[in-house]
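Peer 1: Can you read through this structure? Questions will come right after.
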Amino acid sequence: AWADHAVVLDNPFAGSYSALLGFKYTAQSANRFGYMYQDVAIPTNISRATLYFKFRQQGYDGLQYDPFHMEIRTTSNTILATVLTFAFNEWNDQFKDSGWLDDDNVSPAGYNLTSYAGSTVRLYFQQDNLYDNLYRTWVFIDDVSVIYKKFVDLAVDGNGDDLFGNTGT
């Protein structure tokens, strides 16, 4: 009863479903929020790990009242990094729609998770209602992915054999 936090058919970016957080269907309450998370193990033997996701905020309230947050946390919920805080600039009774936004709003190359290699991190999404019951705001989240890459060198041994090895070998 705190807030919407469900997988829905309402407004997917791609496919049939998206995640919905906030106060679209649930009655809005002051100082409440909707959240979802996924714990992800980042392997140790990688050259790069990158987070990508798409989001679309809709509703009425602005930054100081109803921000959307995406954070990297430990599995015990300690915040390691805030990837994104997003909200409309103004608050009023006029409906607003951000349209689908993606990793370009975080960074053109997604969010770098490489420093967390060898650990499990929590990808944490939260839509807040921080102040009052006047104006509803909600967010859709879709196409969340973590891409791992491992770079290898191509070594030529002089015998015509091309060998792949770890970077630097």
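Peer 1: In nm, give the distance between the simple-model label positions of residue 29 and residue 2, each being 7 Å from the Cα along the Cα-to-Cβ direction.
Peer 2: 1.0
Peer 1: Run down the lysines and flag those whose C-alpha is under 28 Å from the C-alpha of residue 24, throwing out any fewer than 8 positions away in its chain.
Peer 2: 54, 96
Peer 1: To continue, here is another question. Grab the Cα-Cα distance for residue 44 and residue 102, subtract it from 0.36 nm times how many residues apart they are, and report the gain in nm with one decimal.
Peer 2: Values: separation 58, 0.36 × 58 = 20.88 nm, distance 2.68 nm.
Extra length from residue 44 to residue 102 when fully extended: 18.2 nm.
Peer 1: Rounded to the nearest 0.05, what FRET efficiency do residue 94 and residue 119 have when you use their Cβ-Cβ distance and R0 = 41 Å? Before the final figure, lay out the partial values.
Peer 2: Values: r = 43 Å, r/R0 = 1.06.
With a Förster radius of 41 Å, E is 0.40.
Peer 1: With +1 on the Cβ of every Lys and Arg and -1 on the Cβ of every Asp and Glu, and nothing else charged, how large is the dipole of region 62-149 about its Cα centre, in debye rounded to the nearest 20? Show your work: numbers first, answer last.
Peer 2: Working: 5 positive and 12 negative charges, 91 e Å.
So the magnitude is around 440 debye.
Peer 1: Further, regarding this structure: If you place +1 on the Cβ of every Lys and Arg, -1 on the Cβ of every Asp and Glu, and leave all else neutral, what size is the dipole of the chain about its Cα centre, to the nearest 20 Debye? Let's see the in-between values first.
Peer 2: Numbers: 11 positive and 20 negative charges, 75 e Å.
Charge dipole of the chain: 360 debye, to the nearest 20.
Peer 1: Normalised by the empirical 2.2 N^0.38 Å for globular proteins, what value does the Cα Rg of region 1-92 take? Please report the intermediate quantities before stating the final value.
Peer 2: Working: Rg = 15.2 Å, N = 92, 2.2 N^0.38 = 12.3 Å.
Against the compact-globule rule of thumb, the ratio is 1.24.
Peer 1: Assuming R0 = 35 Å, what is the FRET efficiency of residue 14 and residue 79, from their Cβ-Cβ distance, to the nearest 0.05?
Peer 2: 0.75
Peer 1: Taking semi-axes √(5λ) of the Cα gyration tensor in Å as the quantity of interest, determine which of [x] 39, 16, 13; [y] 29, 19, 13; [z] 28, 23, 12 was computed from the displayed structure.
Peer 2: So the structure-derived entry is [x].
Peer 1: If I take R0 = 22 Å and measure r between the Cβ atoms of residue 37 and residue 63 in this structure, what FRET efficiency does the formula 1/(1 + (r/R0)^6) give, to the nearest 0.05?
Peer 2: Working: r = 23 Å, r/R0 = 1.03.
Here the calculated transfer efficiency is 0.45.
Peer 1: Going by accessible area, probe 1.4 Å, with all protein chains left in place, what is the ranking of 18, 76, largest first?
Peer 2: On the way: 18 5, 76 90 Å².
Ranking 18, 76 by accessible area, largest first, yields 76, 18.
Peer 1: Find the relative contact order for the chain and round it to a whole percent, using C-alpha pairs within less than 8 Å whose residues are 6+ positions apart. Walk me through the numbers before you get to the answer.
Peer 2: Working: 415 pairs, mean separation 56.7, N = 169.
Averaging sequence separation for qualifying contacts and normalising by length gives 34 percent for the chain.
The values are calculated or read from the model by the stated rules, or taken from the named source; none is laboratory data. Fair warning: this is a prediction, and the values are worked out from it, not measured in the lab. Neighbour counts are summed over all protein chains in view; Cβ atoms, including those assigned to glycine, are modelled from backbone coordinates with ideal geometry. Ligands, DNA and RNA are excluded from the accessible area calculation, which covers all protein heavy atoms including side chains. Shrake-Rupley method; radii C 1.70, N 1.55, O 1.52, S 1.80 Å.
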